[in-house]
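Q: Below: one structure in structure tokens.
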Amino acid sequence: MRLSKMHIKTLREVPNEAEIPSHILLLRTGMIRKLVSGVYGFMPMGWRSVRKIEDIVRQEMDATGAQEIHMSAVQPAELWQESGRWYAYGPELWRLKDRNGRDFCLGPTHEEIFTDIVRNDVSSYRQLPMNLYQIQTKYRDEARPRFGLMRSREFIMKDAYSFDRDQEGLDKSYKTMYDAYDRIFTRCGLKFRPVEADTGAIGGSNSHEFTAISEVGESEIAYCESCSMAATTERAECKDAPAQTGIELKPMEEVHTPGTKTIEEVADFLGLEKSQTIKALLFVTYDEEGKENGYVAAFIRGDRELNMTKLINALSLPEHAIEFADESKMGPVTGAVGGFTGPCGLHDCTIVVDSELPGQVNMCAGACKEDHHLINVNYGRDYEGDIVTDLKVLREGDPCPVCGAPVKHARGIEVGQVFKLGTKYSSSMGAMYKDENQQEHPIVMGCYGIGVTRTLAAIVEQHHDEDGIIWPMSVAPYHVIITLVKPDDQVQAEAAEEIYSALTKAGVETLLDDRKERPGVKFKDADLLGIPVRITVGKLAGEGKVEYKLRRESEKQELTVSEAVEKVIRIVNEEK
């Protein structure tokens, strides 16, 4: 492709809206074009890289025996109502009505659609296992789209669904997809880590998130270098502190603690460690119609941080059905007092207690009375929980829940996730098969997603420098760029055309920068665009030589035309 004929517009200035490298560089290179907040189009160079990622995904999915189909993004509400997700998915589900008032949504995912296909087409165990997938545009009505392609309202995703007879079959399908994802992200040039993850709105019993390591990522993962433990902080189990034994339980006392509404203030006032206090967090829940449904009081040790995902899972609520309570409204109903709430004496609310607290002795908690706290509070004697479960965030340096070694944290970008759905959708939607004895059973399902456009952004996050993108060969929009310094110089022009023709015939995707621009502009654009190999045809052309340079390296080489062509073909075939 000749750059003089190509639709391309690069920017020298950083767009005001862009905050992270991938967003900045994809806009500066002209690879993406913003339409409205959270909605982007892809220009020629960007679309070529998207298709490269899709091709890698297709090759690896097809190699597993999965079959590609393509379903509509417009989905009828009836299917989501059958599965129970019309309400549970929450406000991110982009709902719409047709002219007849019938409810639809723009699909953020396709579990219901694929389950509907299989329940209509599969009846016998002989038709299983099966894996169907698609690469398609998805929609989520994000409240706060940000970071370009990282969190957008329209995006391209590969979603696959496996259908098996039993759990053993699901385990095998899950492992097959897990291994395929490992190959896909490796071929895309990503440094990534698979970690245990929460199943969220998708549901199911088990899940792994494939996280591309990046400081700008929204996923936070906890991992242990002494064993194989790795999980998102939402999912990571937290080891309770050892139970305190052999300590006398002192009588509970009420103490005057004026103005001490925070854990830090009350601990300082009473001369206690924060770990000797109980922290209260108060919430209100909502029903399917958005009406208040009750109050929740969660209690954890004062030096701990509440894990909202664990609390939501303990309450079996969708994420959008809970928020922090208005203490002035909650107080008259439950006895809670803002800044002084404790577990003793609360009523008419669900009390959720972290699993660590029953083992802690003589603790300090709010007295549910202004400017007062209770000391020597003990579980079982003075209060109990309706639910007792792990509510803690696993912090960096905390003991690993598997081996006890200190855990580490890292940030990353979720580029893919795999789920063991089990019979969540097949049972609710009646997707059944008959076994050898004509007995009916629900089909056992798995779900496997890859964010194609988010993967594009993650690649740029990991592969760039101050001058621009550094594409891995496998996903680069073009393999090589020929920078023709002086298009009006006949010797240079002929040498550039010779190289361009030879590489094109060899199947190398080649850009020829034949624009009548200053050499400095051409070199800056070549670096900004991040094409893996640059061949500069300049003053050395009179000697039959050119300059050969890899974008990822600073070293330049002077080679003959034939040497340069041979070297390009070799490296492209090795790395693409």
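Q: Which order do the peptides 362-371, 560-569 take when ranked by the mean count of other beta-carbon atoms within 10 Å per residue, highest first?
A: Details: 362-371: 21.2, 560-569: 17.8.
Listed from highest to lowest mean packing, they are 362-371, 560-569.
Q: Sticking with this one: Could you please report the charge total around Lys5, scoring K, R as +1 and D, E as -1 over all other residues with beta-carbon less than 10 angstrom from its beta-carbon?
A: Spelling it out: positives minus negatives among the neighbours equals +1.
Q: Continuing with this model, one more query. Just to confirm my numbers, what's the Cα centroid distance between the range 288-347 and the range 427-473 in Å?
A: 34
Q: With each run of n ≥ 4 DSSP H residues scored as -39500 (n - 2.57), what mean residue ellipticity at 222 nm is computed for the chain after dividing by its residue count and rounding to the nearest 500 deg cm²/dmol?
A: Rounded to the nearest 500, the figure is -8000 deg cm²/dmol.
Q: May I pose another question? What residue among Asn131, Ala18, Ile499 has its Cα farthest toward the positive end of the dipole of the chain, where the charges are +1 on Lys, Arg and -1 on Asp, Glu, each on the Cβ?
A: Ile499
Q: Quote the FRET efficiency, to the nearest 0.05, computed for Arg151 versus Leu96 with a Förster distance R0 of 22 Å and r equal to the Cβ-Cβ distance.
A: The formula returns an efficiency of 0.55 here.
Q: Can you tell me how much longer the chain between Leu11 and Thr64 gets when fully stretched, taken as 0.36 nm per residue apart minus their C-alpha distance, in nm with one decimal?
A: Gain on extension, Leu11 to Thr64, equals 14.9 nm.
Q: For the range 466-471, what does the Karplus curve 6.51 cos²θ - 1.76 cosθ + 1.60, with θ = phi - 60°, yield as ³J(HN,Hα) per residue in whole Hz, taken in order and with x for Gly and Pro?
A: With coefficients 6.51, -1.76 and 1.60, one gets 5, 9, x, 7, 10, 5 Hz.
Q: Ranking request for peptides 436-444, 529-537, 142-150: highest mean number of other beta-carbon atoms within 10 Å first, then the rest in descending order.
A: Ranking, from highest mean packing down: 529-537, 142-150, 436-444.
Q: Out of residues 5 or more away from Glu305 or on other chains, whose amide H comes under 5 Å of its own, with H placed 1.01 Å from N in the peptide plane?
A: Counting only residues 5 or more places away or on other chains, the set is Val393.
Q: Then there's this: List the trypsin sites (Lys or Arg not before Pro) in the range 385-481 that DSSP assigns to loop (not H, G, I, E or B) and whose Cβ has at most 16 other Cβ atoms within 10 Å. Which are they?
A: Those that pass, being in a loop and sparsely packed, are Arg395.
Q: Starting from the amide H of His372, placed 1.01 Å from N in the peptide plane, find each other amide H under 5 Å away whose residue is 5 or more places distant or on another chain.
A: Sorted by chain and number, the residues that satisfy this are Thr257, Ala367.
Q: May I pose another question? Can you tell which of Ala457, Ala405, Tyr286 lies farthest toward the positive end of the dipole of the chain, using +1 and -1 charges on the Cβ of basic and acidic side chains (Lys, Arg; Asp, Glu)?
A: Ala457
Q: Ratio of Rg to Rh for the range 356-441, alpha carbon only, Kirkwood? Spell out each step's value before the answer.
A: Details: Rg = 23.3 Å, Rh = 19.1 Å.
Checking Rg against Rh, the ratio lands at 1.22.
Q: At a Cα cut-off below 21 Å, give the lysines reachable from Lys172, other chains included and same-chain residues fewer than 8 away excluded.
A: Cα-Cα hits under 21 Å: Lys158, Lys420, Lys424, Lys434.
Q: Could I ask something else about it? Can you send over the carbon and sulfur percentage of the accessible area for the chain, probe radius 1.4 Å, protein chains only?
A: The nonpolar share, carbon plus sulfur, comes to 46 percent.
Q: Return the loop-located GluC sites (Glu not before Pro) in the range 7-68 (DSSP other than H, G, I, E, B) with at most 16 other Cβ atoms within 10 Å of their own Cβ; answer none if there are none. Walk me through the numbers before you get to the answer.
A: Numbers: sites: Glu13, Glu17, Glu19, Glu54, Glu60, Glu68; in loops: Glu13, Glu17, Glu19.
Here the sparse-neighbourhood loop sites are Glu13, Glu17, Glu19.
Q: Can you tell me the length gained on complete extension of the stretch Asp326 to Asp287, counting 0.36 nm per residue apart and subtracting the Cα distance?
A: 12.3 nm
Q: Quote the relative contact order of the chain in percent (integer), defining contacts as alpha-carbon pairs under 8 Å separated by 6+ residues.
A: Normalised by residue count, the contact order of the chain is 17 percent.
Q: Placing +1 at every Lys and Arg Cβ and -1 at every Asp and Glu Cβ, with all other atoms neutral, what dipole size does the range 123-255 have around its Cα centre, in debye to the nearest 20?
A: Using Cβ point charges on Lys, Arg, Asp and Glu, the range 123-255 gives about 900 debye.
Q: Binning at 5 angstrom from zero up to the longest distance, how are the C-alpha pair distances of the range 402-459 distributed in percent?
A: Reading the bins upward from 0: 4, 14, 12, 12, 11, 12, 12, 9, 7, 5, 1.
Q: On to the next question. Before I look further, what does the range 408-520 give for accessible area per residue, probe 1.4 Å, in whole square angstrom?
A: 38
Q: About the Cα centre, and with charges only on the beta carbon of Lys, Arg (+1) and Asp, Glu (-1), how big is the dipole of the range 316-377? Nearest 20 debye, please. Before the final figure, lay out the partial values.
A: Details: 2 positive and 9 negative charges, 44 e Å.
Around 220 debye, computed over the range 316-377.
Q: So, one more: Would you please classify the overall shape of the range 498-573 from the alpha carbon gyration tensor, given that a ≥ b ≥ c denote the square roots of the eigenvalues, rounded means a/c under 1.5, and beyond that prolate means a/b larger than b/c while oblate covers the rest?
A: Rounded, because the longest to shortest axis ratio a/c is under 1.5.
Q: Ok, one more. Just subtract the alpha-carbon distance of Gln439 and Glu218 from 0.36 nm times their residue separation and send over the number in nm, one decimal.
A: 75.0 nm
Q: Shifting gears a bit: List the trypsin sites (Lys or Arg not before Pro) within the range 175-204 that fall in a DSSP loop (any state other than H, G, I, E or B) and whose Cβ has at most 16 other Cβ atoms within 10 Å.
A: Answer by residue number: Lys191.
Q: What is the range 1-64's relative contact order, in percent, from Cα pairs under 8 angstrom and six or more apart in sequence?
A: Working: 46 pairs, mean separation 15.0, N = 64.
This gives 24 percent for the range 1-64.
Q: What aspartates and glutamates sit close enough to Lys539 to cross-link, taking a C-alpha to C-alpha distance under 12 Å and skipping anything fewer than 8 places away on the same chain?
A: Output for Lys539: Asp489, Glu547, Glu558.
Q: Enter the Cα centre distance for the pair the range 202-263 and the range 502-535, rounded to the nearest angstrom.
A: 51
Q: So if I place +1 on the C-beta of Lys and Arg and -1 on the C-beta of Asp and Glu, and nothing else carries charge, what would the dipole magnitude of the chain be about its Cα centre? I want it in debye, nearest 20.
A: Using only the charged Cβ atoms, the result is roughly 2200 debye.
Q: Skip the ligands, DNA and RNA, and give the accessible area per residue of the range 129-178 with a 1.4 Å probe, whole Å². Spell out each step's value before the answer.
A: Values: 1990 Å² over 50 residues.
Spelled out: the 1.4 Å probe surface of the range 129-178, per residue, equals 40 Å².
Q: R0 = 22 Å: FRET efficiency of Glu553 with Thr186, Cβ-based, nearest 0.05?
A: Calculated value: 0.55.
Q: Okay, next question. Given a 1.4 angstrom probe, what's the average accessible area per residue across the range 1-79, in square angstrom? Walk me through the numbers on the way to the answer.
A: On the way: 3970 Å² over 79 residues.
That works out to 50 Å² per residue.
Q: From the P(r) of the range 417-576, could you give the percentage of C-alpha pairs in the tail past 28 Å?
A: Here the long-distance tail beyond 28 Å is 40 percent of all Cα pairs in the range 417-576.
Q: Applying a 10 Å radius around every beta-carbon, put 131-139, 470-478 in order of their mean neighbour count, most first.
A: Working: 131-139: 19.4, 470-478: 22.6.
Highest-to-lowest ranking by the protection proxy: 470-478, 131-139.
Q: Another question about this same structure. List the Cys residues of the chain that have no partner Cys with a C-beta closer than 4.7 Å.
A: Cys105, Cys188, Cys238, Cys344, Cys349, Cys364, Cys368, Cys447, each lacking another Cys Cβ under 4.7 Å.
The values are calculated or read from the model by the stated rules, or taken from the named source; none is laboratory data. Everything quoted here is computed from the prediction, not taken from an experiment. Positions of Cβ are generated from backbone atoms using ideal geometry, with glycine treated the same way; all protein chains shown enter the neighbour counts. Accessible surface is based on the protein model in full, side chains and every heavy atom, while ligands, DNA and RNA are left aside. Shrake-Rupley method; radii C 1.70, N 1.55, O 1.52, S 1.80 Å.
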